[in-house]
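J.: Take this structure first; my questions come after.
A short reminder: the numbers here are calculations on the coordinates, not readings from a lab. Note that the coordinates shown come from a computational prediction; the quantities given were computed from them, not determined experimentally. Because the Cβ atoms are built from the backbone with ideal geometry, glycine has one as well, and the counts that use them run over all protein chains shown.
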Amino acid sequence: KTGAIVASATSPSFNPNDTNTIKSYMNPLVSYQYEPGSVMKIFSFASAIEEGLYDGDEIYKSGTIQVDSETIIGDSDKTWGEISFDTGFAYSSNVAATTLAFRLLENGKMKLPDYYDALGFGKKTGIELSNEVTGDMDVIYKSELANSSFGQGVSVTAIQMLQALTSMTNDGNVIKPYIVDKIVDSDGKIVYEGKRTVVNTVYSSETVEEMHELMHKVVYEGLTTYWQIDGLSLMGKTGTAQIASPNGGYLTGEYDTIKSFAGIFPEDNPKYIVYAVARKVEGRSSQFAKVITTAIEEIAKYAKLTETTSKNDLSKVVKLENYISKEVNNVVTLL
């Protein structure tokens, strides 16, 4: 609700107690820009909902979609067939996101990039950290519009993504992130104080409520159970993006992807946003998920957000007596 960054962990890192360990260090939170992948579907879907162009029960044909004479967009799995748009979000369908982006065309004008701009992508957030970069949100051609709807062909920073995600926890209002709580001079006077700052209002509360339902389905009705956490209601969106090659195109190695997850919890009254990004993850997706869900569990426990539900049926509770040194046959009968 506030925009305060309460924790940030990055790699490569350094030992702050030994400046000799710092080698050309850039803070990945603000200084790395990358293609974010399907986490961007949160905003392409939300924008279509906001424009009244979304019906979650509507059926479309997944698999592939022809964008222009040279570009075909495909889903990660071509066997889903005809599914609803709500299911398309849970399954992370690129075809669904592309279809919605094209619906956001009006008289040849692309509306989706305007939403991205309003959310703060393509510009600095102004957080109190040095070397913040802007990312790149240039979208000109129809193929670029399609790719941008599922987070390819555009670049963001982690701090921009966190800022944009606040629209999902503040009834459509984008909240500026800050990391310095306050600065006090030698006389005890507060000379600077971080505070809640509304940057923009992008979505209605109705749109946000519908997105909460869609993000719930990702965790509980998606293709995996990796993100489910006992005792905590979590909603989120996964992302997998290709890595741009310095020679043009994309890298093609087995691990040449950027994996990410945006999680918001608890679902009924969001307190935290966790956004995690990792480049060239060697291992299974479940291992990547476990690192993040473990962190979320720790945060939830610390903040006393974990829900505990008793599964005891009190009508079936039996009180046991003391049977020490009693006659065995009698005890068996009693038990």
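J.: Going by Cα centres, the range 220-248 and the range 257-335 are how many Å apart?
T.: Distance between centres, Cα-based: 21 Å.
J.: Okay, next question. Would you please give the residues with an amide H less than 5 Å from that of TYR34, counting only those at least 5 places away or on a separate chain, with H modeled from the backbone geometry?
T.: Those lying under 5 Å, H to H, from TYR34 are VAL156.
J.: Which residues in the range 136-164 place their backbone N less than 19 Å from a point set 7 Å from the Cα of THR71 along the Cα-to-Cβ direction?
T.: Under cut-off, by backbone N: 136-156.
J.: Please report the equivalent ellipsoid semi-axes of the range 212-254, computed as sqrt(5 x eigenvalue) of the Cα gyration tensor, largest first, in whole Å. List each step's numbers first, then the result.
T.: On the way: eigenvalues 203, 23, 13 Å².
Each semi-axis is √(5λ); the values are 32, 11, 8 Å.
J.: OK, next. Which distance in Å, rounded to a whole number, links the C-alpha centroids of the range 59-123 and the range 134-190?
T.: Using only Cα atoms to place each centre, the spacing works out to 22 Å.
J.: What ranking do 326-334, 167-175, 69-77 get when scored by the average of other Cβ atoms within 10 Å per residue, highest first? Please report the intermediate quantities before stating the final value.
T.: Values: 326-334: 9.4, 167-175: 21.0, 69-77: 13.4.
Ranked from most to least packed, the peptides come out as 167-175, 69-77, 326-334.
J.: Can you tell me the orientation of helix 285-302 relative to the chain, as the angle in degrees between its alpha-carbon axis and the longest Cα principal axis, to the nearest 10?
T.: Here the helix axis deviates by roughly 60 degrees.
J.: For the chain, set up a GNM with springs between Cα atoms under 10 Å and report which of ASP18, ASP313, ASP68 has the largest fluctuation.
T.: Judging by the Gaussian network model, the answer is ASP313.
J.: Please work out how much length the chain gains when fully extended from GLU106 to ALA303, using 0.36 nm per residue of separation minus the C-alpha to C-alpha distance, in nm with one decimal.
T.: Details: separation 197, 0.36 × 197 = 70.92 nm, distance 4.55 nm.
That works out to 66.4 nm of additional length.
J.: Moving on. Any idea what the relative contact order of the range 91-233 is, in percent, if you count C-alpha pairs under 8 Å spaced at least 6 apart?
T.: That works out to 20 percent.
J.: Given the pairs LYS124/LYS301; LYS109/LYS195; LYS1/LYS123; LYS123/LYS195, which are separated by over 25 angstrom at their Cα positions?
T.: Details: LYS124/LYS301 33 Å; LYS109/LYS195 36 Å; LYS1/LYS123 22 Å; LYS123/LYS195 20 Å.
Violating the 25 Å Cα-Cα cut-off are LYS124/LYS301; LYS109/LYS195.
J.: With angles folded into 0 to 90 degrees, how steeply does helix 94-103 sit against the dominant principal axis of the chain? Use alpha carbons for both and round to 10.
T.: Its long axis makes an angle of about 50 degrees.
J.: Given the Cα-Cα distance of ASN20 and VAL133 and 0.36 nm per residue of separation, how much length would full extension add, in nm? Walk me through the numbers on the way to the answer.
T.: On the way: separation 113, 0.36 × 113 = 40.68 nm, distance 2.56 nm.
My answer for the length gained is 38.1 nm.
J.: OK, next. Give, to the nearest whole percent, the P(r) tail of the range 126-175 beyond 17 angstrom, counting all Cα pairs.
T.: Numbers: 599 of 1225 pairs.
Here the long-distance tail beyond 17 Å is 49 percent of all Cα pairs in the range 126-175.
J.: Another question, then. (1) 62, 56, 39; (2) 89, 66, 41; (3) 66, 41, 34: which one is Cα extents along the principal axes in Å as calculated from this entry?
T.: (2)
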